[in-house]
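Chemist: One structure coming up, written as structure tokens, with questions to follow.
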Amino acid sequence: MSFINLMAREITFKVVYYGPGLCGKTTNLRFIHGQANESARGRMVELATEEDRTLFFDFFPLELGEVRGFKTRLQLYTVPGQIQYEAVRRLVLKGIDGCVFVADSQFARADANEVSLESLAENLEEYGRKLNELPYVVQYNKRDLPGIMDIEELRAALNPTGVPEFEACATTGQGVQETLQAVARLIFVHHREQSIRSQRSNSAEPVTQKT
Amino acid sequence: MGHQLVIYEKEFARIERAVSQLVQAANARVVFVVDKNGQLIAASGEVDDIDTTSLASLTAGNIAATGGIANLLRENEFTTQFHEGKNAHIHIQLVKSRVILVVIFDARSSLGLVRLRVRKASEELGVIFDDIDHQAPQAQQASPFAEITDADIDNLFND
């Protein structure tokens, strides 16, 4: 759920990085945080286990700049990827404005990717949301590793509807900014379309029947 | 479909007034209001000493987690939480299942006083957020998004 403060002229969106365990969600956020200007980024919070696995979420706010006099900010979150944290993943999705599904390109993780994508759709439905109505992109991560699937295979399994997709290596940053920009664009376009639809329906003349 | 929380100047001023009054009345260090999704709505008091954005997201996460526990126990939400530290204490109150009122205080105040003042402030904030809800259709019309062009979006990403 976006938050618009008309007095402070600020707009905030929540973006969630979702995907199976160890697919690189936290690495995406760390790279973005490391690249951002200090003035544009807030502190990165990582709620992790002693083994550095995400326990609840990672989070930081990122200022994008001004649009039409409104300061825009993304709040970037990850979910914990480990299978047992399903309830926590659902909590983090609350109020989501846009989603990045980070897939692990390795053959060995094919099933984990599919299970995670299914859980994303199911968890969104808990909030009455649908994945295909949400600004949403797919990132095929770990393209630098051996034993990875072809993009065509990944696409067939994880992106049948053809949302924007990116090859990435989050450890080096390849494809990371492109992924973020793509989901941010989709969020703006989505809200623009919603606003236009809403204005049209508000201004529509009531239908009257002449006799 | 998700919806937006849009706050107009008048209601924002009312929220800020309620929050700053609570700082005074409860002798608090900081008071802030966060929505359940972790967005900071307003803050007052010694805010420069605290990373309010991180605190907002963590507080919302905390409320979400305890709400999840409540569900498992077939309870309604736990509306109040209190954490006692060595020097700082934090009182967290869920208002109308909608927003979170957070009070951070120290030895200059007491839990009893904070609880008392939070109760009154919660009622006031509840009324304000009801008013905001009733303005929803008007807010949709005033949304700034309709005028955003592709060029505006491109400009955001051109360093």
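Chemist: Principal axis lengths of segment A:3-203 from Cα atoms, whole Å, largest first?
Modeler: 54, 38, 30
Chemist: Would you work out the relative contact order for segment A:3-203, in percent, from Cα pairs under 8 angstrom that are 6 or more residues apart?
Modeler: Computed over segment A:3-203, the figure is 22 percent.
Chemist: Okay, helix-only estimate at 222 nm for chain A: each DSSP H run of n ≥ 4 adds -39500 (n - 2.57), divide by all residues, round to 500 deg cm²/dmol; what do you get?
Modeler: Counting only the DSSP helices, I get -11000 deg cm²/dmol.
Chemist: State the percentage of accessible surface on segment A:3-203 attributable to carbon and sulfur atoms; use a 1.4 Å probe and exclude ligands, DNA and RNA.
Modeler: 48
Chemist: Okay, moving on. Give the long-range amide H neighbours of B:R29: residues separated by 5 or more places, or on another chain, with amide H under 5 Å away, using H modelled in the peptide plane at 1.01 Å from N.
Modeler: Placed amide hydrogens put B:I104, B:F105, B:D106 under 5 Å from B:R29.
Chemist: Work out the mean other chain Cβ neighbour count within 10 Å for the residues of A:186-197 and drop it here as an integer.
Modeler: The per-residue average across the peptide is 5.
Chemist: How many Å² of accessible area per residue for segment B:1-126, probe 1.4 Å?
Modeler: On the way: 6080 Å² over 126 residues.
Result: 48 Å² per residue.
Chemist: What share of the DSSP beta bridges in chain A is antiparallel, in percent to the nearest 5? Walk me through the numbers on the way to the answer.
Modeler: Details: 17 of 38 bridges.
Percent antiparallel among DSSP bridges in chain A is about 45.
Chemist: Search the structure for amide H atoms under 5 Å from the amide H of A:R41, placed 1.01 Å from N in the peptide plane, and list their residues when 5 or more places away or on another chain.
Modeler: When sequence neighbours closer than 5 places are left aside, the close amide H contacts are A:E63.
Chemist: On to the next question. Pairs of Cα atoms under 8 Å, at least six residues apart: use those to get the relative contact order of chain B, whole percent.
Modeler: 23 percent.
Chemist: Under a GNM of chain A (C-alpha, springs under 10 Å), which listed residue has the highest mean-square fluctuation: A:L62, A:L47, A:L145?
Modeler: A:L145
Chemist: Using a probe radius of 1.4 Å on protein heavy atoms only, what is the accessible area buried between chains A and B, both sides summed, to the nearest 100 Å²?
Modeler: The A and B chains share an interface burying roughly 4300 Å².
Chemist: Residues of segment A:1-42 with amide nitrogen under 18 Å from the 7 Å Cα-to-Cβ point of B:Q21?
Modeler: Label zone hits: none.
Chemist: Averaged across A:55-61, how many Cβ atoms of other chains sit within 10 Å of each residue's Cβ atom?
Modeler: Average per residue, whole number: 4.
Chemist: In 5 Å bins starting at 0, how do the alpha-carbon pair distances of segment A:14-127 split up by percent?
Modeler: 2, 12, 22, 23, 18, 12, 7, 3, 1, 0
Chemist: Further question: As a check on your grasp of the helix formula, calculate [θ] at 222 nm for chain B: sum -39500 (n - 2.57) over DSSP H runs of n ≥ 4, divide by the residue count, round to the nearest 500. Could the numbers behind the result be given before it?
Modeler: Numbers: 5 runs with 75 residues, N = 159.
It comes out at -15500 deg cm²/dmol, rounded to the nearest 500.
Chemist: Tell me the carbon and sulfur percent of the accessible area for chain B, rounded to whole percent, probe radius 1.4 Å.
Modeler: Accessible surface attributable to carbon and sulfur in chain B totals 48 percent.
Chemist: How large is the accessible surface per residue of segment A:3-203, computed with a 1.4 Å probe and reported in Å² as a whole number?
Modeler: Value returned for segment A:3-203: 43 Å² of accessible area per residue.
Chemist: Give me the inter-chain shielding for B:6-12: mean count of other chain Cβ atoms within 10 Å, whole number please.
Modeler: For peptide B:6-12, the averaged partner shielding equals 4.
Chemist: At a 1.4 Å probe, which residues in segment A:31-53 are at least 10 Å² less accessible with all protein chains present than in their chain isolated?
Modeler: A:R43, A:V45, A:L47
Chemist: For segment A:100-196, rounded, prolate or oblate, judged on the Cα gyration tensor with a ≥ b ≥ c (square roots of eigenvalues), a/c < 1.5 rounded, else prolate if a/b > b/c?
Modeler: Details: a/c = 2.42, a/b = 1.43, b/c = 1.69.
The shape class here is oblate.
Chemist: Could you work out which residue, out of B:E123, B:E46, B:E75, moves most in a Gaussian network model of chain B, that is, has the largest mean-square fluctuation with Cα springs under 10 Å?
Modeler: B:E75
Chemist: Can you compute the equivalent ellipsoid semi-axes for segment B:9-156, i.e. the square root of 5 times each eigenvalue of the Cα gyration tensor, sorted largest first and rounded to whole Å?
Modeler: They are 29, 19, 17 Å, listed largest first.
Chemist: For segment B:103-117, just list the computed ³J(HN,Hα) in residue order, Karplus coefficients 6.51, -1.76 and 1.60, θ = phi - 60°, integers in Hz, with x standing in for Gly and Pro.
Modeler: Residue by residue, segment B:103-117 yields 10, 10, 9, 9, 5, 5, 10, 9, 4, x, 5, 4, 4, 4, 6 Hz.
Chemist: Can you pull a Stokes-Einstein diffusion coefficient for the protein assembly as shown at 4 °C (1.567 mPa s), Rh from Kirkwood over Cα pairs, as a whole number of µm²/s?
Modeler: Working: Rh = 21.8 Å.
Answer from the Stokes-Einstein relation: 60 µm²/s.
Chemist: Still on this structure, I have one more. Which of A:G98, A:G128, A:G81 ends up with the largest GNM mean-square fluctuation for chain A, with Cα atoms connected below 10 Å?
Modeler: In this elastic network of chain A, the residue with the biggest mean-square fluctuation among A:G98, A:G128, A:G81 is A:G128.
The values are calculated or read from the model by the stated rules, or taken from the named source; none is laboratory data. Nothing here was measured: the structure is a model prediction, and the numbers come from that model. As a convention, Cβ positions derive from the backbone with ideal geometry for all residues, glycine included, and neighbour counts pool all protein chains shown. Protein only, heavy atoms only, side chains kept; ligands, DNA and RNA dropped before computing areas. Shrake-Rupley method; radii C 1.70, N 1.55, O 1.52, S 1.80 Å.
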